[in-house]
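The values are calculated or read from the model by the stated rules, or taken from the named source; none is laboratory data. This is a predicted model, so every value here is computed, not measured. Using ideal geometry, Cβ is built from the backbone for each residue, glycine included, and neighbour counts are taken over all protein chains shown.
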């Protein structure tokens, strides 16, 4: 009788300890934010806008580049007949135009990056809200952003990206 009682108490205690341990077990997940952004309808729209902007800038830069090549070839062809003063002046003009071109290329890259941030910031903000909702509802201890620096390895079931995208589209 004592051994049965001891066995019952042991069983009850192990169930209690097990349920307490289970309740305190941390739950982790991760989201690939870049992937999530590109999978959302808002992200696809932002990508289209960025591509249009990029192509427009690219066309402008290509025309400038062609003009520079033309100037350079012109100078090469006429170099033998031009006086040293005129040749020097033309070379300086070409160098100035090349500097302007490089400056415009740098500015264009910065403008595209700025535009990308402007278009993706509202998406990221909304994604964070969705992630917080999921974390609270499903009692996650922590949800990380997937990157090579932060998540080196994780089980596939810890990837919440698809779930977050679906929730984002519903919101």
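For this structure, a couple of remarks:
- Test: residue in segment 134-141 that is under 21 Å from residue 34 (Cβ atoms) and not in a helix (DSSP H, G or I): yes
- Only one entry in 88, 82, 94 is outside any helix (DSSP H, G or I) and either over 30 Å from residue 51 (Cα atoms) or at pLDDT below 90 (or both), namely 82.
- Scanning segment 117-149 for residues that are over 23 Å from residue 43 (Cα atoms) and surrounded by fewer than 16 Cβ atoms within 10 Å (Cβ to Cβ) turns up 136, 137, 138, 139, 141, 142, 149.
- When 73, 87 are screened for being surrounded by 15 or more Cβ atoms within 10 Å (Cβ to Cβ), more than 30 Å from residue 160 (Cβ to Cβ) and without any contact (Cβ under 8 Å) to a residue 24 or more places away in the chain, only 87 passes.
- Selection of segment 157-171 for residues being farther than 17 Å from residue 46 by Cβ and over 21 Å from the mean Cα position of the chain (by Cα) yields 157, 170.
- Given (1) surrounded by 11 or more Cβ atoms within 10 Å (Cβ to Cβ); (2) within 14 Å of residue 37 (Cβ to Cβ), index of the condition residue 105 fails: (2)
- Verdict on residue 131 being touching a residue at least 60 places away in the same chain (Cβ under 8 Å), under 30 Å from residue 72 (Cβ atoms) and part of a helix (DSSP H, G or I): no
- Some residue of segment 61-78 being within 30 Å of residue 121 (Cα to Cα), in contact with a helix residue (DSSP H, G or I) (Cβ under 7 Å, 6 or more places away or on another chain) and assigned to a helix (DSSP H, G or I): yes
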